[in-house]
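One structure is given below, encoded as structure tokens.
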Amino acid sequence: MINTMVSLRNFAARSSARAPAVAVIKVGAQIVVLWVIFAVSNAVVARLGLRIPGNIVGLALLFVVLSAGIVKERWVSGATTLLTRHLAFFFIPITVGLMGLTDVFVANGVAIVITLVVSAVLGICVAGFTSQALAARKRRRTA
């Protein structure tokens, strides 16, 4: 009985020590899946000579493969959660790079601000109207 308890404790200790390693490997594999989708989308853009960034094509490709069930959501959910959680860190390099372009911002600052405000207002309006239309459609279906 005592030997069984000791072996159960050893098993539990090994299992709990292995869990973080398994999680890291799992998220790493999920990042590889996302990277493959990104690489394929960049290859498609380069091969077809598209004037659309590869990451936009990659988002569309990810949407298609998730919608079609080719890639299961659980296959990428851990990586997407991790990447989204640390999204702010991905903006540090671009911010540092923009600091060297002060002359561009001084010369075109007003146009940049107007563009940002108009695009933000349009984005908010489109999102609002879309959500209202979908909510009204749902109410009509349930009524």
For region 73-86, pairs from a residue that is closer than 14 Å to ALA29 by Cβ to a residue that is surrounded by fewer than 16 Cβ atoms within 10 Å (Cβ to Cβ) and of a type outside the set (A, V, I, L, M, F, W, C), with Cβ under 7 Å and 6 or more apart or across chains, are GLY78/LYS26
Taking region 75-132 and the residues there that are of a type in the set (Val, Ile, Thr) and under 14 Å from the mean Cα position of the chain (by Cα), the one that is nearest to LEU62 (Cα to Cα) would be VAL76
**Request:** Report yes if some residue within region 62-72 is within 18 Å of LEU83 (Cβ to Cβ) and exposed (fewer than 12 other Cβ atoms within 10 Å of the Cβ); otherwise report no.
**Result:** yes
Okay, helices (runs of 4 or more DSSP H) sitting entirely in region 42-122 with 3 or more residues that are in the same structural domain as VAL22 (by TED's automatic domain parsing) and under 30 Å from PRO20 (Cβ atoms), I get 54-68, 77-85
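The values are calculated or read from the model by the stated rules, or taken from the named source; none is laboratory data. It should be emphasised that the depicted structure is a prediction, and the values quoted were computed from it without experimental measurement. In this analysis, Cβ positions are derived from the backbone assuming ideal geometry, glycine residues included, and neighbour counts consider all displayed protein chains.
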